[in-house]
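Asks: One structure, as structure tokens, below. Some questions next.
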Amino acid sequence: MRALCFIGRRHVGKTALLLAFDTAFGENYAGARVFVSQFMPEDEEEFLLMLAQAATEAILDSTGKVGKLNEITQLEEDGDARAWLVETFMPVALSALQGRRLVFLIDDADKLLNAVRSGTLRMDTFAYLRLLVETFPEVGFVLTLDAEYEPEIDSLGPLIGVNDSCRLTNLAPDETRWLLQEPVRGCYTVPDDVALAVHKATGGAPALVQQFGYQLYQRWRLTPEINVITLEDVKALSRNLYQYAESAMKYDWLRLSPNEKRVLAAISQRYYADPLKRVDPEAIEAWLADSDKPMDRTAISAALRGLEYAELVQNSNTGTTITSGLMQAWLLENAGRMSFSGGAAIPARVTSLIAGETPAPKRGIPARLALMSVVAAAALGILAGVLVFGSPPTGEVQSPAPTVTLVNTPTALP
């Protein structure tokens, strides 16, 4: 197996994974990046020339020279682009790599799926890419796919097989802690309880952890004499993070089914009304019983499965909870009244909730450094196993620490 697809929702780190490829795999691999969303091909010839251009850039980055690529016969007008790539370009390109493996890194492969459906690309496009892999043992493919297209992953065949995909998920608590502590060690300290508070606030969502880390770094940069981050700092920064994440949380909400929305809002309201009581399907059914849209337990359980898969809720022995304190606050502000206007003030009690504190019981439903780009390290470990052109590792996988790259941090999630 020399092709792999990483699936994930927006902002989970798919593009960051591809950007980290060269750093993670070193000089034995050359990553040829193709960002389909930025340069959508108008026809197959343009797409194949994009692959050739990406390979040329990868060769130049890896070796510092292009070898005999300058001597390649150019694709003639109305020529056969497929034959040119296989017979003319690829042999010279692989020779120029001097034994390195060439891995095409195609971001947003869902755009290619749409191009195939629309007729922009031929129906057998992925079969042709599979032919490249079979013809040239030194070639591999890594694709990223938006989670909304996960049910259609079979359409990437035969390039991507049924066992050739991995799903990127949120960071675990120890990964969030590592990310907040290790890159800044020697500058300032983020105690374990503070890192845990950040994890509870963000749910381990990579983009939000990144932004929290950026805000903490900025706070230290302005006041370097204060070199220990506290829970009060997390509370103070929660307002900025809430505003930063509002558009993304609205997007997540709008993608849910009506039943998932009702259940998610009920969990949020039920927990806020009395955080000491267990929330489970029975409690949700009782909470919705007097609403205009009651639900039975079967429908509630189905909705919970969808919400858990989307990492918006988590189940444990103590019941079901909202994964992210930021999402909990957003639901209290918006879900009940379906108002998505920005700039709403956050009540102090909700700000504490964002920071991971348990609110006091209340009855009734309320009225209402440029830093780090996260790459799921477990994904890189799986990728390493595949790109030595074997099968994914089996048994228990020991996840290395998350990989970080210094990048410019945006001011808002699109």
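Bear in mind these aren't lab numbers, they're just calculated from the coordinates by the rules spelled out. Quantities reported herein were computed from a predicted structural model and do not represent experimental measurements. Methodologically, a virtual Cβ is constructed for each residue, glycine included, from the backbone with ideal geometry; neighbour enumeration extends over all protein chains shown.
Asks: Using a Förster distance of 30 Å, how high is the FRET efficiency between Lys250 and Asn317, based on the Cβ-Cβ distance and rounded to 0.05?
Replies: Calculated value: 0.40.
Asks: Looking at Ile7, Thr125, Met40, which one has the Cα that reaches farthest to the positive end of the dipole of segment 3-169 (charges on Cβ: Lys, Arg +1; Asp, Glu -1)?
Replies: So the residue we want is Ile7.
Asks: Dipole magnitude of segment 26-98 about its Cα centre, charges +1 at Lys/Arg Cβ and -1 at Asp/Glu Cβ only, in debye to the nearest 20?
Replies: 540 debye
Asks: Give a quick list of trypsin sites (Lys or Arg not before Pro) in segment 163-248 that DSSP marks as loop, anything other than H, G, I, E or B, with at most 15 other Cβ atoms within 10 Å.
Replies: Passing both the DSSP loop test and the Cβ count: Arg185.
Asks: What net charge do the residues around Val139 carry, taking every other residue with its C-beta under 13 Å from that of Val139, with Lys and Arg at +1 and Asp and Glu at -1?
Replies: Residues close to Val139 contribute a combined charge of +2.
Asks: Would you mind ranking Asp107, Asp61, Asp292 by Cβ crowding within 10 Å, fewest neighbours first?
Replies: Least crowded to most crowded, the residues run Asp292, Asp61, Asp107.
Asks: How long are the semi-axes of the equivalent ellipsoid of segment 163-233, taking √(5λ) for every eigenvalue λ of the Cα gyration tensor, in whole Å from largest down?
Replies: Here the semi-axes work out to 25, 11, 10 Å.
Asks: Debye sum, Cα scatterers, segment 3-169, no solvent: what log₁₀ I/I(0) at q = 0.14, 0.15, 0.19 1/Å?
Replies: -0.70, -0.81, -1.32
Asks: Can you figure out the FRET efficiency of Lys277 with Glu152, using R₀ = 51 Å and their beta-carbon distance, to the nearest 0.05?
Replies: 0.80
Asks: With each label point set 7 Å from Cα along the Cα-Cβ vector, what nm distance links Leu60 and Thr88?
Replies: 2.0 nm
Asks: Separation between the Arg167 and Glu182 pseudo-spin-labels, each 7 Å from Cα along Cα→Cβ, expressed in nm?
Replies: Simple spin-label model gives 2.6 nm for this pair.
Asks: Taking a spot 7 Å from the Cα of Gln38 along the direction of its beta carbon, which residues of segment 137-177 have an amide N less than 19 Å from it?
Replies: 142-146
Asks: Among Ser301, Ser268, rank each residue by its count of other Cβ atoms within 10 Å, from fewest to most, as a rough exposure measure.
Replies: In increasing order of surrounding Cβ atoms, one gets Ser301, Ser268.
Asks: Compute the distance from the alpha-carbon center of segment 228-295 to that of segment 61-104, in whole Å.
Replies: Taking the Cα centre of segment 61-104 as reference, the centre of segment 228-295 is 53 Å away.
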